[in-house]
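The values are calculated or read from the model by the stated rules, or taken from the named source; none is laboratory data. Just so you know, these numbers come straight off a predicted model, no measurement behind them. Positions of Cβ are generated from backbone atoms using ideal geometry, with glycine treated the same way; all protein chains shown enter the neighbour counts. Note: areas computed on protein heavy atoms with side chains; ligands, DNA, RNA excluded. Shrake-Rupley method; radii C 1.70, N 1.55, O 1.52, S 1.80 Å.
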Amino acid sequence: MYKALSALLFVAFLLTGCSGMRVVDSQVNSFAPATVAAGSRYRFDRLPSQQSNPAAQEQLEAMAEAALTKVGLVRDDQGASLSVQVSVTERAEQSAMDHPALGWNLGWRVGNGGVWMGRGPLFPGLDVRTSYWREVGLVLRQRSTQAVVFESRASHDGPWADSEAVLPAMLDAALQGFPTPPTGLRRVNIEIAR
């Protein structure tokens, strides 16, 4: 009887592990030099570099609009008192995984974003994993003066390729505590479905 119960619990554990939640852990740094009132109206402004791929920018702005709505801001392209610039940087990096039987050594590479140091396998080409690094940024300005009233960045490095699910969580993390977020770099965890 105990064996049957143990087996049943093990199967239940496996099933819940496959259908559960995942955590998007972002490193967030926010600045709020002025107070933004709830219900403030905004519109999106784009940098010249963001106008070269309007479909991708529209998708990012739709994600940002959902996050901004959650903190009480209202999109109003005609009567906006705030302008919002939203940006994203993404890159995929492949690295060899450790093999327990072969040990590991230290390695480095130079690429986009600076120098990376980490450990790698003693024999290259064994197992490779892809890691996805992303950073989202939000800058809110008073349209009348162009003064920045809120700025926030959130970065995340993880194994998930589905930006459509990860980026909204990162935008929520970037806006955590809005309009008066904690000062300094902090970690914000947002749960999303698998």
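So here's what we get for this one:
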read-out	value
Hits in the range 156-178 - residues which are buried (at least 19 other Cβ atoms within 10 Å of the Cβ) and either out of contact with any strand residue (DSSP E or B) (no Cβ under 6 Å at 6 or more places or on another chain) or of a type in the set (Ser, Thr, Tyr) (or both)	Leu167, Pro168, Leu175, Phe178
Selection from the range 129-156 of residues that are modelled with pLDDT under 95 and of a type in the set (D, E, K, R)	Arg129
Sole exception among (1) at pLDDT 95 or above; (2) open to solvent by less than 50 Å² (accessible area, probe 1.4 Å); (3) not hydrophobic (A, V, I, L, M, F, W, C) for Gln50, by number	(1)
Every pair of residues 6+ apart whose Cβ atoms lie under 8 Å, when the first sits in the range 50-65 and is under 17 Å from Val166 (Cβ atoms) and in contact (Cβ under 8 Å) with a residue 40 or more places away in the chain while the second is assigned to a helix (DSSP H, G or I) and among the aliphatic types (A, V, I, L, M)	Leu60/Leu167; Met63/Leu167; Met63/Leu171; Ala64/Leu171
Subset of the range 75-97 (residues that are under 25 Å from Val36 (Cβ atoms), of a type in the set (A, V, I, L, M, F, W, C) and either open to solvent by 50 Å² or more (accessible area, probe 1.4 Å) or under 16 Å from the mean Cα position of the chain (by Cα) (or both))	Val86, Val88
Residue under evaluation Phe31, criteria (1) at pLDDT 95 or above; (2) exposed (fewer than 13 other Cβ atoms within 10 Å of the Cβ); (3) aromatic (Phe, Trp, Tyr), criterion not met	(2)
